[in-house]
Amino acid sequence: MNCTNDEACALACALAEKAGSVAGCEVVLCPPATALSTVAGCVKDTKIEVGAQNMLWEAKGAFTGEISAAMILSTGAKWVIIGHSERRGRMSKLPDGWTEDLMLVFGDTDHSVNVKTKAALAAGLKPIVACGETEAEYDAVRRSPWSAGRCARCSRGSTRRKSPARHRLRAGLGDRHGQGLRL
């Protein structure tokens with residue numbers, strides 16, 4: 001919740017000037033859901049792609065405030081972040097005035113991340129799956145079996161693809177060392 005549509009577009013345009021032609025990497029912007037269409041339009045003629053910050057696994061229904069894969073795709077976005085530590089209620093420091101029980105509103109678990117990942121792949125989205133460690137866990141364990149186990153639970157049942165645009169299963173720990181797991 002850090003950008004209005006105008007702010008997100010300005011940021012996307014500035015980034016497109018600086019990073020739009022960088023070779024050898026994919027650049028994906030993941031603005032708030034309210035700015036997906038705006039940002040997609042701002043980077044339309046660049047190599048930058050757009051992703052959502054979250055999604056629900058259901059295609060339709062009475063899920064107030066949620067966003068489906070089809071809704072994401074309709075904005076021009078091709079990516080989605082799934083299982084971010086904030087969505088798992090795993091912040092290093094709670095915002096002032098927050099208590100642990102307020103974090104339950106986000107509630108992502110390994111199981112919900114797995115279901116979201118499979119729904120994203122089935123719909124044709126490219127998921128960026130975060131394993132959701134806290135800063136303390138990252139500092140303490142770096143590349144432990146904990147991360148590999150969580151990633152395995154989050155990706156269980158996903159099918160492997162043999163295309164140049166492989167879907168990445170990004171472990172927070174692996175990302176920081178440049179080693180995401182691939183599906």
Looking at region 98-127 only, could you name the residues that are surrounded by fewer than 13 Cβ atoms within 10 Å (Cβ to Cβ) and modelled with pLDDT under 85? W98, T99, E100, D101, L102, L104, V105, G107
Inspect all residues belonging to region 44-62 and state whether any of them is aliphatic (A, V, I, L, M), part of a helix (DSSP H, G or I) and over 26 Å from C131 (Cβ atoms). no
Subset tally (residues that are in contact with a Ser or Thr (Cβ under 9 Å, 6 or more places away or on another chain) and among the hydrophobic types (A, V, I, L, M, F, W, C)) for region 20-50: 7
Give the residue, chosen from G89, G20, G51, that is in contact with a Phe, Trp or Tyr (Cβ under 7 Å, 6 or more places away or on another chain), surrounded by 13 or more Cβ atoms within 10 Å (Cβ to Cβ) and at pLDDT below 95. G89
Out of G76, G97, G24, I need the residue that is in contact with a strand residue (DSSP E or B) (Cβ under 8 Å, 6 or more places away or on another chain), part of a loop (DSSP other than H, G, I, E, B) and over 15 Å from K116 (Cβ atoms). Which one? G76
Apart from one, (1) farther than 15 Å from C3 by Cβ; (2) at pLDDT below 95; (3) among the β-branched types (V, I, T) all hold for I67; the odd one out is (2)
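The values are calculated or read from the model by the stated rules, or taken from the named source; none is laboratory data. Values in this document were obtained by computation on a predicted structure and should not be read as measured data. A quick note on method: Cβ atoms are made from the backbone with ideal geometry, for glycine too, and the neighbour counts reach across all protein chains shown.
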